[in-house]
Amino acid sequence: MPNPTSIKRQPLVPLTTLVALCAIVTIAVYGSVALGNDSLNRAVALGMVSLIAVVGLHVFIGNSGVASFGHAAFLAIGGYVTAAVRVPAATKQAMLPDLPGPQTTPFLAVLLGGLAAAVVAFTVGLVLMRLNGLAAGLSTFALLSIVYVIASNTRKVTGGVSGVFGVPQTTNSLTVLPWVLFSILVAWAFAQTRLCLRLRASREDEVAARSIGIDVLWERLGAFTLSAFLTGISGSLMAMYLGSFNPDAFYLSITLIMLAMLVVGGVTSLSGAVLGAIFVSALRELLRMVERGVEVGGVAIPRFEGLQQLGTAVVLLLVLLLRPRGLTEGREILHMGTSSLWRPVRGLVRRRDDAASRHADETRSNSDAEAKA
């Protein structure tokens with residue numbers, strides 16, 4: 001019988017998965033740059049910024065099993081902190097005289113945005129992380145509403161509903177790539193820790209986890225704080241991508257998009273967060289092009305307002321029906337097995353064959369009954 005202390009614990013996210021995910025995002029970025037299409041480069045940059053936010057969302061939701069509808073609040077915090085330290089002094093004095101902070105470099109602005117979001121998350125998490133289920137989800141949405149109302153009404157600091165203008169637009173696909181790789185590395189490193197292992201234990205059975213001495217509050221709080229840090233980084237990069245924004249940029253729309261990306265890819269796996277963000281970003285860009293009207297093979301497709309939102313919703317419904325655990329089924333790439341990719345198709349074929357078999361049996365029974373009669 002092997003000694004329990006000699007058994008090596010398998011990593012929750014293998015190193016091969018980390019390498020594969022980093023390779024995928026790097027190829028996507030440099031591929032778009034090689035094509036030389038400005039519109040495509042901007043779409044990829046925005047998709048990569050969203051990917052960082054989804055990875056941050058996975059760090060908390062995927063490992064704790066606690067729903068959060070308020071992570072866009074950390075996007076807003078990161079964005080407004082970045083605006084405070086990136087808007088030129090002359091512009092700041094003219095439009096937002098009460099906006100504090102000297103002008104800094106983009107790198108320092110991103111770090112400050114992430115740290116500010118982490119501090120807020122740690123503070124409010126001392127209360128919110130005591131909640132479970134629907135109460136936890138509603139409390140995080142309440143946090144988002146509070147941040148939204150504050151940003152909409154503190155006009156001398158945030159510009160109110162008119163928003164902030166004049167943020168230097170330094171975010172592009174190449175400048176955002178190191179931050180994407182950093183976020184994936186941080187999420188992977190967190191998955192190797194004992195804290196993450198204990199957190200996942202509480203996700204599977206909170207009562208059993210508490211019974212063996214796991215302090216669920218502090219495990220969740222650590223993940224919540226780290227998640228907010230990554231999300232704040234995404235908000236900072238988004239602010240320097242948009243250049244001008246108002247509180248609506250970090251409210252319901254971005255919340256639903258982030259959740260859709262995570263659910264489509266697979267909530268419980270890092271691969272699901274990355275691949276879901278890439279898939280939904282590519283889908284939304286394609287639908288945006290079709291929405292404006294395109295010509296395919298000499299056939300003109302007219303404008304279809306709202307196609308982007310409608311298409312995203314339809315894909316989300318299909319994924320929930322065919323693969324309730326997401327495209328990766330909660331597994332990491334290179335460890336999924338090719339058979340799992342075709343499981344929904346095999347299920348549909350099996351159901352069709354079963355229906356045909358039942359129909360044949362009913363027909364045979366009716367024929368036997370008629371022959372006896």
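The values are calculated or read from the model by the stated rules, or taken from the named source; none is laboratory data. Source: prediction; values computed, not measured. Please note: Cβ atoms are built from the backbone with ideal geometry, for glycine as well, and neighbour counts cover all protein chains shown. Ligands, DNA and RNA are stripped out before the accessible areas are found, and what is left, the full protein with its side chains, is counted by its heavy atoms. Shrake-Rupley method; radii C 1.70, N 1.55, O 1.52, S 1.80 Å.
Checking ILE257 against (1) in contact with a strand residue (DSSP E or B) (Cβ under 9 Å, 6 or more places away or on another chain); (2) surrounded by fewer than 24 Cβ atoms within 10 Å (Cβ to Cβ), which test does it fail?
With respect to (1) in contact with a strand residue (DSSP E or B) (Cβ under 9 Å, 6 or more places away or on another chain); (2) surrounded by fewer than 24 Cβ atoms within 10 Å (Cβ to Cβ), ILE257 is out only on (1).
Which of the residues that make up the range 251-290 are among the small types (Gly, Ala, Ser) and in contact (Cβ under 8 Å) with a residue 40 or more places away in the chain? Spell out how you get there, then give the answer.
So the first thing to find is which residues in the range 251-290 are among the small types (Gly, Ala, Ser), and the list is 253, 260, 265-266, 269, 271-273, 276-277, 281-282.
ALA260, GLY265, GLY266, SER269, SER271, GLY272, ALA273, GLY276, ALA277, SER281, ALA282 - these are the residues of the range 251-290 that are among the small types (Gly, Ala, Ser) and in contact (Cβ under 8 Å) with a residue 40 or more places away in the chain.
Report every pair of residues separated by at least 6 positions or lying on different chains whose Cβ atoms are under 6 Å apart, first residue within the range 189-218 and closer than 20 Å to GLY125 by Cα, second buried (at least 17 other Cβ atoms within 10 Å of the Cβ) and aromatic (Phe, Trp, Tyr).
If the second residue must be buried (at least 17 other Cβ atoms within 10 Å of the Cβ) and aromatic (Phe, Trp, Tyr), the pairs left are CYS196/PHE190.
For the range 309-328, check the following and say yes or no: at least one residue is modelled with pLDDT under 80 and either within 33 Å of the chain's Cα centre (by Cα) or not in a helix (DSSP H, G or I) (or both).
Scanning the range 309-328 turns up no residue that is modelled with pLDDT under 80 and either within 33 Å of the chain's Cα centre (by Cα) or not in a helix (DSSP H, G or I) (or both).
Which condition number does VAL167 fail, the rest of (1) surrounded by 15 or more Cβ atoms within 10 Å (Cβ to Cβ); (2) assigned to a helix (DSSP H, G or I) being met?
(2)
With open to solvent by 10 Å² or more (accessible area, probe 1.4 Å) and in contact with a helix residue (DSSP H, G or I) (Cβ under 6 Å, 6 or more places away or on another chain) as the only criterion, which of LEU199, LEU217, LEU195 stands out?
Of the residues listed, the single one that is open to solvent by 10 Å² or more (accessible area, probe 1.4 Å) and in contact with a helix residue (DSSP H, G or I) (Cβ under 6 Å, 6 or more places away or on another chain) is LEU195.
Kindly provide the set of residues from the range 230-246 that are out of contact with any Gly (no Cβ under 7 Å at 6 or more places or on another chain) and open to solvent by less than 40 Å² (accessible area, probe 1.4 Å), ordered by number.
LEU237, MET240, TYR241, GLY243
Please verify whether the range 267-281 includes one or more residues that are crowded, with 22+ Cβ neighbours inside 10 Å, modelled with pLDDT under 95, part of a helix (DSSP H, G or I) and more than 13 Å from the chain's Cα centre (by Cα).
no
Which is among the aliphatic types (A, V, I, L, M), open to solvent by 50 Å² or more (accessible area, probe 1.4 Å), in contact with a Phe, Trp or Tyr (Cβ under 9 Å, 6 or more places away or on another chain) and in a helix (DSSP H, G or I), of LEU108, LEU126, LEU144, LEU138?
Residue meeting the stated conditions: LEU138.
Please verify whether the range 84-104 includes one or more residues that are of a type outside the set (A, V, I, L, M), surrounded by 15 or more Cβ atoms within 10 Å (Cβ to Cβ) and within 15 Å of SER234 (Cβ to Cβ).
No, the range 84-104 contains no residue that is of a type outside the set (A, V, I, L, M), surrounded by 15 or more Cβ atoms within 10 Å (Cβ to Cβ) and within 15 Å of SER234 (Cβ to Cβ).
Taking the conditions exactly as written (in contact (Cβ under 8 Å) with a residue 60 or more places away in the chain and not polar (S, T, N, Q)), does VAL55 satisfy them or not?
On the way: in contact (Cβ under 8 Å) with a residue 60 or more places away in the chain: yes; not polar (S, T, N, Q): yes.
Taking the combined requirement at face value, the residue satisfies it.
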